[in-house]
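Notes follow once the structure below has been shown.
The values are calculated or read from the model by the stated rules, or taken from the named source; none is laboratory data. In this text the structure is predicted, and so the values were computed from the model without any measurement. Note: ideal-geometry Cβ built from the backbone for every residue, glycine included; neighbour counts use all protein chains shown.
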Amino acid sequence: MISFHNIDCIEFMRSKPDNYYDLLWCDSPYGIGEDGSKNHSRGGLALPKKYKPYLGNDTNPPTPADFIELFRVSKNQIIWGANHFIENLPKQNSSSWIVWDKMNGDNDFADCELAWTSFDCAVRKFVFRWAGMLQQNMKNKQDRIHPNEKPIDLMRWALRKYATIGQKIYSPYGGGLGDAIACDIEGFDLDICEIDKEYFDAGVKRFNEHKRQGVLFAPETVKVEQLKLL
């Protein structure tokens, strides 16, 4: 079951009991101003895409109170961009990070992105090119609809490494909702939230297109909830 929610994720979480989700996949705003508004000025080999800045504009990361709620509803966590707000995370397992090598080449974007995890394991590395028009899998190129979206293959890799079939996943900051496609392919239940209505609608549309291809599961497993924003 993949359930979409067009709502503020913190409000949504308040309706859930403690440890409701087995794994939290958190790709929140980093608070560094990368909301897509500058992308069109970074032309290189091809005309770069112009994105609509999303609601919140990547001005601030989650607050300490938000992190309390994120940890309350989940048993384990993978938190992207944690190097920007490490002070809000538990001190234990501080060595259990994921490094995503984006193979960016010579540009002003970061060479890698980092995720803190709650797992007691060694640092793991995922190599996947993600440099503008250039992607690792050019035969099945991902149509990027959100300025901060990650490769669907990144979450698929993480699910295979850190989760077990039958577990329930939560993605509070859905962005382009690519996480839903990853969970659908890998066979995981997911609740996913996105507060920006335009990006929410675009993500649901892309997911429905994925379902029409009949990858693994029947369309009746999809549940979309359009909830009133508070």
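Brief remarks follow.
- Residues being of a type in the set (A, V, I, L, M, F, W, C) and touching a strand residue (DSSP E or B) at 6+ places or on another chain (Cβ under 7 Å) - total across region 160-199: 9
- Residue list for region 156-176, restricted to those being out of contact with any Phe, Trp or Tyr (no Cβ under 6 Å at 6 or more places or on another chain), outside any helix (DSSP H, G or I) and not small (Gly, Ala, Ser): 164, 165, 167, 172, 173
- Residues that are more than 18 Å from residue 32 (Cβ to Cβ), assigned to a loop (DSSP other than H, G, I, E, B) and at pLDDT 80 or above within region 84-135 comprise 96, 103, 118, 119, 120, 121, 122, 123, 128, 129, listed in sequence order.
- Boolean, residue 172 is under 13 Å from the mean Cα position of the chain (by Cα), at pLDDT 95 or above, surrounded by 21 or more Cβ atoms within 10 Å (Cβ to Cβ) and not hydroxyl-bearing (Ser, Thr, Tyr): yes
- Among the candidates 12, 71, residue that is modelled with pLDDT of 75 or more, within 25 Å of residue 206 (Cβ to Cβ) and in a helix (DSSP H, G or I): 12
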